[in-house]
1. What number of residues in segment 18-59 are outside the structural domain of ASP82 (by TED's automatic domain parsing) and among the β-branched types (Val, Ile, Thr)?
2. Which of the residues that make up segment 116-126 are touching a strand residue (DSSP E or B) at 6+ places or on another chain (Cβ under 9 Å) and either among the acidic types (Asp, Glu) or assigned to a helix (DSSP H, G or I) (or both)?
3. Among ALA207, ALA216, ALA252, which is the only one that is closer than 14 Å to ALA2 by Cβ, in the same structural domain as SER151 (by TED's automatic domain parsing) and in contact (Cβ under 8 Å) with a residue 40 or more places away in the chain?
4. In the set LEU147, LEU178, LEU129, which member is within 18 Å of GLY262 (Cβ to Cβ), in a helix (DSSP H, G or I) and modelled with pLDDT of 95 or more?
5. Looking only at segment 10-51, which residues are under 14 Å from LEU274 (Cβ atoms), among the hydrophobic types (A, V, I, L, M, F, W, C) and touching a strand residue (DSSP E or B) at 6+ places or on another chain (Cβ under 9 Å)?
6. Of the numbered conditions (1) small (Gly, Ala, Ser); (2) over 18 Å from the mean Cα position of the chain (by Cα); (3) more than 29 Å from LYS111 (Cβ to Cβ), GLY40 fails exactly one; give the number of that condition.
7. With (1) within 30 Å of ALA134 (Cβ to Cβ); (2) surrounded by 20 or more Cβ atoms within 10 Å (Cβ to Cβ) as the list, and PHE244 as the residue in question, which single condition is left unmet?
8. Among residues belonging to segment 116-132 that are touching a residue at least 12 places away in the same chain (Cβ under 8 Å) and surrounded by fewer than 19 Cβ atoms within 10 Å (Cβ to Cβ), point out the one that is farthest from LEU178 (Cα to Cα).
Amino acid sequence: MATLIDGKKISTDIKDEVKIEAAALKEKGIEPCLAVILVGENPASQVYVRNKKRACEYCGIKSLSYELPDTTSEDELLSLIDKLNADPSCHGILVQLPLPKHIDEDKVLLKIDPKKDVDGFHPYNVGLLSIGKAKLKACTPAGCIELIKRSGVDITGKKCVVVGRSNIVGKPVGMLLLAENGTVITTHSKTKDLPAVCREADILVAAIGKPKFITADMVSDGVTVIDVGINRMDDGKLCGDVDFENVEKKAAFITPVPGGVGPMTIAMLMKNCLTACRMQNNLE
């Protein structure tokens with residue numbers, strides 16, 4: 001039976017580390033600050049924003065909240081980002097996605113100063129990630145790496161199979177595993193004999209958004225499984241991209257859903273905000 005990787009505990013450990021560092025910065029007269037922009041009234045987005053504010057409060061990070069109506073124009077949103085880019089007391093800018101259809105998400109993400117891009121989505125930071133020099137890393141992929149390392153699993157030399165090639169998780173988590181000296185295979189819908197490729201994995205990251213897609217016959221004994229998927233079933237329960245009940249019997253380590261990768265995303269956001277603050281104050 002696998003050892004459960006407790007994302008709630010590990011995320012709390014990281015937030016506690018951020019809290020200590022934020023307090024030390026405040027003693028120097030520097031207060032880390034995150035601006036969160038929400039356009040429209042998407043219920044899921046409202047929950048995420050509320051959780052981010054709560055995490056800021058826990059970590060001692062000042063949070064600025066901009067909750068705009070869905071009638072907000074693209075120019076109005078870009079103008080707000082310009083204002084926050086120019087504000088030295090604001091260190092991180094996060095625009096909650098998805099945006100209303102009349103606003104170009106790419107244009108908005110490009111407008112954010114790369115030094116304040118706490119989501120790690122700006123092409124500048126993605127480019128740094130690809131050459132192993134990013135300080136602001138995409139939160140969910142960075143959280144996956146922390147879960148693996150803080151569980152005592154050494155990535156060096158391991159065969160790492162990533163199922164999914166999205167820009168938000170699949171590609172960046174592959175690059176981060178490579179930076180930790182893993183041997184990385186990124187798979188996708190065109191991969192031939194996907195189950196055979198998955199069975200080669202010492203570490204398997206599932207990030208495709210298909211409930212219980214990774215089954216027990218697709219993994220080898222002793223694998224470490226990181227399940228990024230969050231899918232809501234017909235009965236209202238959440239499940240991941242992995243058939244947890246059966247894969248758990250073969251894995252050495254596995255993340256549950258919920259309570260695995262999910263809490264890590266906000267913890268890494270807090271860490272990125274602290275890093276952005278340090279960078280902008282020439283401390284990083």
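The values are calculated or read from the model by the stated rules, or taken from the named source; none is laboratory data. Predicted model, so just to flag it, every value in this text is computed and none were measured. Because the Cβ atoms are built from the backbone with ideal geometry, glycine has one as well, and the counts that use them run over all protein chains shown.
1. Going through segment 18-59 one residue at a time, the tally reaches 2.
2. Across segment 116-126, the qualifying residues are LYS116, ASP117, ASP119, TYR124, ASN125.
3. None of the other options fit; the residue is ALA252.
4. On the way: LEU178 fails: within 18 Å of GLY262 (Cβ to Cβ); LEU129 fails: within 18 Å of GLY262 (Cβ to Cβ).
Among LEU147, LEU178, LEU129, only LEU147 is within 18 Å of GLY262 (Cβ to Cβ), in a helix (DSSP H, G or I) and modelled with pLDDT of 95 or more.
5. If the condition is that a residue be under 14 Å from LEU274 (Cβ atoms), among the hydrophobic types (A, V, I, L, M, F, W, C) and touching a strand residue (DSSP E or B) at 6+ places or on another chain (Cβ under 9 Å), then CYS33, LEU34 are the ones that fit.
6. Every listed condition holds for GLY40 apart from (3).
7. Condition (1) is where PHE244 drops out.
8. PRO123
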